[in-house]
Amino acid sequence: NDDDNNAPLDPDLQDQLLRLCTRDGTPEQARHAVYTLAALVNPNPLTAAKTPASAAMDKAAILREREAFDPLLKALASPSRLSLGGNNDDKIVSILTALAALAECAPFAFSVSGSRGGAGQGERAIRFALETVLLGRGDDDEQTSAEEESGDDEENEAEETSTSKLRAPQGRRKIGGKDRREANSGNDDSHLSLPCRRACAAIELLVSHIRSTVVKVRFEKSTGNQKNAKQKNGMTRSSIEPPPPEHISKIFAVLIQILQDSGLPPSNRDRKHCNSVDERAALRRCASV
């Protein structure tokens, strides 16, 4: 129903879903919060746009996607959140996981360029996942940028805390002995070190971004809708560009290196924290895409 598609989102529900991604949620909760928001924003997938009417519906869906996900993307990709160390360590895995889901479910929103054609929020998130998390480069630069915005974020988070109706879940508990063996038997990864879980989440983001953009571009080409794609307002359905071949090659070179190194991450900063059997197995699984 078109009226249902155009109905505004419940602001309280949207606020709770955004909060799960940025503050209160575990990585799994953050992922499903993005999936839920995507289903509410555009319950119907993009059409092949064979008629002017269906093409107009798709353009409206893309605009709706961008409007709904722009606040979340800005919050997740802020310099203070895309940083390592300090209080951010407890949230960084959830943030990267939410960004991976956003790249998968809302590729048009994720790929929006910044002002004056500069790097957008999505591009900065990709750069952080690859250069800072996986390769261990630019930690000092990231930390400096984070400190510059930390004051504003602290004020915003204090305000969110005072108005939130949700309770933050208990922090992760270290697992040992029998409890650890029980965790290993399921999907719980809380027994893995933070650097391992962080690297796995970064890989998920990088792969999700490549997959979603390539799939969308191929869909456009197969339906013949890439011609006359760009319009003045930039809100067209064919405004996604695939990642450069050099970027894709670089990502897969990193993944191959992880496999060749028996599951050790490429960053010297994280290698000493990811040398257990479980951690190396987890990284090998993530790199075997």
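The values are calculated or read from the model by the stated rules, or taken from the named source; none is laboratory data. It should be emphasised that the depicted structure is a prediction, and the values quoted were computed from it without experimental measurement. Positions of Cβ are backbone-derived with ideal geometry, glycine not excepted, and every protein chain shown enters the neighbour counts. SASA here: full protein model, heavy atoms, side chains in, ligands and nucleic acids out. Shrake-Rupley method; radii C 1.70, N 1.55, O 1.52, S 1.80 Å.
Pick from the range 132-146 the residues that are at pLDDT below 90 and in a helix (DSSP H, G or I): which of them is surrounded by the fewest Cβ atoms within 10 Å (Cβ to Cβ)?
Taking the range 132-146 first, the residues at pLDDT below 90 are 137-146.
Within this subset, residues satisfying the condition of being in a helix (DSSP H, G or I) are 139-146.
Working: 139: 16, 140: 8, 141: 13, 142: 21, 143: 18, 144: 12, 145: 17, 146: 20.
Here the answer is 140.
Filtering the range 250-274 down to residues that are among the small types (Gly, Ala, Ser) and touching a helix residue (DSSP H, G or I) at 6+ places or on another chain (Cβ under 8 Å), which residue is surrounded by the fewest Cβ atoms within 10 Å (Cβ to Cβ)?
Quick first cut of the range 250-274, residues among the small types (Gly, Ala, Ser) only: 253, 262-263, 267.
If we keep only those that are touching a helix residue (DSSP H, G or I) at 6+ places or on another chain (Cβ under 8 Å) too, we end up with 262-263, 267.
Numbers: 262: 11, 263: 22, 267: 18.
Residue satisfying both the conditions and the ranking: 262.
Yes/no per residue for (1) among the hydroxyl-bearing types (Ser, Thr, Tyr); (2) in contact (Cβ under 8 Å) with a residue 60 or more places away in the chain; (3) open to solvent by less than 30 Å² (accessible area, probe 1.4 Å):
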position	(1), (2), (3)
74	no, no, no
81	no, yes, yes
94	yes, yes, yes
104	no, yes, no
111	yes, yes, no
124	no, no, no
130	no, yes, yes
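Pick from the range 45-78 the residues that are part of a loop (DSSP other than H, G, I, E, B) and modelled with pLDDT of 85 or more: which of them is nearest to residue 103 (Cα to Cα)? Steps first, answer last, please.
Filtering the range 45-78 down to residues part of a loop (DSSP other than H, G, I, E, B) leaves 45-51, 77-78.
Narrowing further to those that are modelled with pLDDT of 85 or more: 77-78.
Values: 77: 12, 78: 16 Å.
Checking each candidate, the answer is 77.
In this structure, is residue 279 modelled with pLDDT of 90 or more and of a type in the set (Asp, Glu)? Give the derivation first.
Values: modelled with pLDDT of 90 or more: yes; of a type in the set (Asp, Glu): yes.
It is true that residue 279 is modelled with pLDDT of 90 or more and of a type in the set (Asp, Glu).
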